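Trainee: If you scroll down you'll find the structure; I have some questions about it.
The values are calculated or read from the model by the stated rules, or taken from the named source; none is laboratory data. Being a predicted model, the structure only gives us computed values, none of them experimental. Heads up, the Cβs are rebuilt from the backbone with ideal geometry, glycines too, and the neighbour counts pull from every protein chain shown. Just the protein is used for accessible areas: all its heavy atoms, side chains included, with ligands, DNA and RNA removed. Shrake-Rupley method; radii C 1.70, N 1.55, O 1.52, S 1.80 Å.
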Amino acid sequence: MPNLKELVINHYREVKQKRSPEQLENEKWLIPGVKFIPFNRWFLLVAAVMIQICCGSLYAWSGYNVPIENAIYGGNGGVSRAIAVNTFYIAVAIFGSAAAILGPWLERNGPFRGAMLGASLFFFGNLVTALGVYVKQISVVYIGYGLFGGAGLGVAYISPVSPLQKWFPELRGLAAGFAVCGFGAGSIIGPYTQNALIGNNYSKDPVNGAYLGVPLSFVILGSCYFIIMSIGAVVLRMPPPGYSVKGITIDTVKGAEIIETTTVEQEKTTTEFLVVEGQTKTEDVAIRVEDDKKPQFSMTLMESLLSTEMKLMYLMFIGSQITGLLIISSIQNIVATQFDRPDQKVPMNSVLGVSNLLGRLILPLTSDLLGTRKPLFILSCVAQAVLLGLLPTTIWNQSYNLFLFCANMIAFFYGGGFGIIPAFLADQFGSKNIGPTHGVILTAWALAGVAGGLTFTAVYDKNYQATYNTTAKAWVPPEAKYHVYDTNFRWILGFVLAGVILASMVPSNLRDRRLPKKEGESFRFRLGSRLVRVYGWVRPVIVPKPEEDAEWNEYLASLNVAENR
């Protein structure tokens, strides 16, 4: 009987989907087995957006907080009791956990099954949530949307990301951006669909039935999401074995494209395959017969997960995403209570969704043009630190336009982080490992959502109860209203500043990652194009370029010698 450690190791072993020749033949068509429209890898971008729009409805949850609390506990003057918001934090926690646990399963079973599992769980979660509101039990809402909905969203979210990174190895930023941009679009559409169904009084209209109330809204939206996600799932598939573009395979890590040479028993480029792929240049795309030879810089899944780079990227991701996560989840309440603009709650959520969407597209595409991802994470953390520092001032001075600018820029960089991270992971560890590594990195976001969210809610609750007189329905003193979020903004800033440091420490240059350490070397970093070795944690030494080149050539020669033995 294997113990828990053995089960975990076995689960995260090298993962690869096994497909029969018949299945591979069927997958040459848009609808597998239906010989009508040939498959084209660009169809995957549309399918990914469809699935992610549904997943992005999670970011519209803040529009449910007051309606759910009103339906279960009664009215509270339009002010959130900070009870229903916990559903969002539970969903975020389960989202990340499901993505991490099911990442290897997804790689073995394919993205179609992953997307369908996610769609089914999310649909069931919406139905249970509707039941919870109907019977006035917040615990059932937590289980429905938080547990089942969160799990469904987690596996559905990573389902299009993995195949896109494999089909577009030469455009990893583009693939990552389109794979997740729909998530931002979902937060644009979600608030309006929710408000149109629930109505301003959060209940059915007894006169003309124009509004359907909270429970039925979950049923209708859950059904629509299931249909859309199922259609998108049909398009998803992994590339055929041996697939490469411009010499880049699923094993290739950033910087090894030119160096690595793989022994190929047979390579062919056929017109038939190029039509299926939608390519125009016959030299760009190839299918080769795979051999058992491991490329020189390829990493196994366990090597990737246990690497220093992965640990630093995990912590960096917490710092880069925590601000946007907590601000977006509370934005409707902030707008309504801090600026007395309840009519702007729904539009504000959607405006942030646009910024989130643009970040998921623009920053990944920029990273492709720059040929690097790390500097954009550093820029993101620095910018968010400045913006977060400005937020309290905008509330104190009631500078609504400046607040809008800060909130939208935070949402932009927040979305950009999600858009860049799949490409960054593929650069570091190869696209063959993207499903599990991306799933694990999402637990960093989940950790920020749960621990950060609960802390955010607890701090807000404490300040709210200390300064808001529920009997008189007034703030005491009146100016306390504009300082209720100050403490939260301060502690979040500390995490963002840590993110700047951690992002700077991630080794993204292939030489930095693979050159053997010198005796007494503690760590290394890049100062521009120059390698800097730090000895004894305190003594930095800049390595001359000719010396670095000589070391690298010697290292490559040693790899070739070992390979030929």
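Trainee: Mind listing whichever residues of segment 36-57 are within 14 Å of Leu357 (Cβ to Cβ) and open to solvent by less than 10 Å² (accessible area, probe 1.4 Å)?
Mentor: Ala48, Gln52, Cys55, Gly56, Ser57 - these are the residues of segment 36-57 that are within 14 Å of Leu357 (Cβ to Cβ) and open to solvent by less than 10 Å² (accessible area, probe 1.4 Å).
Trainee: I would also like to ask the following. Just a yes or no: is a residue in segment 435-442 open to solvent by 50 Å² or more (accessible area, probe 1.4 Å) and of a type outside the set (D, E, K, R)?
Mentor: Residues of segment 435-442 that are open to solvent by 50 Å² or more (accessible area, probe 1.4 Å), as a first pass: none.
No, because not a single residue in segment 435-442 is open to solvent by 50 Å² or more (accessible area, probe 1.4 Å) and of a type outside the set (D, E, K, R).
Trainee: Taking segment 5-34 on its own, how many of its residues are more than 25 Å from Ala175 (Cα to Cα) and either under 28 Å from the mean Cα position of the chain (by Cα) or surrounded by 11 or more Cβ atoms within 10 Å (Cβ to Cβ) (or both)? Give the steps one after another, and end with the answer.
Mentor: Here is the first cut: in segment 5-34, the residues more than 25 Å from Ala175 (Cα to Cα) are 5-11, 13, 20-22, 33-34.
Adding the requirement that they be either under 28 Å from the mean Cα position of the chain (by Cα) or surrounded by 11 or more Cβ atoms within 10 Å (Cβ to Cβ) (or both) leaves 5, 7-11, 13, 33.
Result for segment 5-34: 8.
Trainee: Could you identify the single residue in Asn76, Asn86 that is polar (S, T, N, Q), at pLDDT 85 or above and open to solvent by 30 Å² or more (accessible area, probe 1.4 Å)?
Mentor: Values: Asn76 fails: at pLDDT 85 or above.
Answer to the selection: Asn86.
Trainee: Inside segment 108-127, can you point out the residues that are buried (at least 24 other Cβ atoms within 10 Å of the Cβ) and of a type outside the set (A, V, I, L, M, F, W, C)?
Mentor: Of everything in segment 108-127, those that are buried (at least 24 other Cβ atoms within 10 Å of the Cβ) and of a type outside the set (A, V, I, L, M, F, W, C) turn out to be Pro111, Gly114, Gly118, Gly125, Asn126.
Trainee: Now for a different question. For segment 477-498, does any single residue satisfy the condition of being more than 30 Å from Trp396 (Cα to Cα), among the hydrophobic types (A, V, I, L, M, F, W, C) and open to solvent by less than 40 Å² (accessible area, probe 1.4 Å)?
Mentor: No, because not a single residue in segment 477-498 is more than 30 Å from Trp396 (Cα to Cα), among the hydrophobic types (A, V, I, L, M, F, W, C) and open to solvent by less than 40 Å² (accessible area, probe 1.4 Å).
Trainee: May I ask you to list the residues in segment 333-378 that are open to solvent by 40 Å² or more (accessible area, probe 1.4 Å), under 24 Å from Pro392 (Cβ atoms) and either hydroxyl-bearing (Ser, Thr, Tyr) or not in a helix (DSSP H, G or I) (or both)?
Mentor: Correct list: Asp340, Arg341.
Trainee: Right, here's the next one. Take the residues in segment 1-49 that are out of contact with any Pro (no Cβ under 6 Å at 6 or more places or on another chain) and polar (S, T, N, Q); name whichever of them is nearest to Leu153 (Cα to Cα).
Mentor: So the residue we want is Gln17.
Trainee: Would you tally the residues in segment 508-538 being surrounded by 11 or more Cβ atoms within 10 Å (Cβ to Cβ) and assigned to a strand (DSSP E or B)?
Mentor: Count: 12.
Trainee: Just for segment 469-489: of the residues that are free of Cβ contacts under 8 Å to residues at least 12 places away in the same chain and not in a loop (DSSP other than H, G, I, E, B), which one is nearest to Ala385 (Cα to Cα)? Please lay out each step first, then the result.
Mentor: If we filter segment 469-489 for residues that are free of Cβ contacts under 8 Å to residues at least 12 places away in the same chain, which is where we start, we get 469-472, 474-479.
Filter again for not in a loop (DSSP other than H, G, I, E, B), leaving 469, 474-475, 478-479.
Details: Asn469: 33, Ala474: 32, Trp475: 29, Pro478: 29, Glu479: 25 Å.
Applying the filter and picking the extreme gives Glu479.
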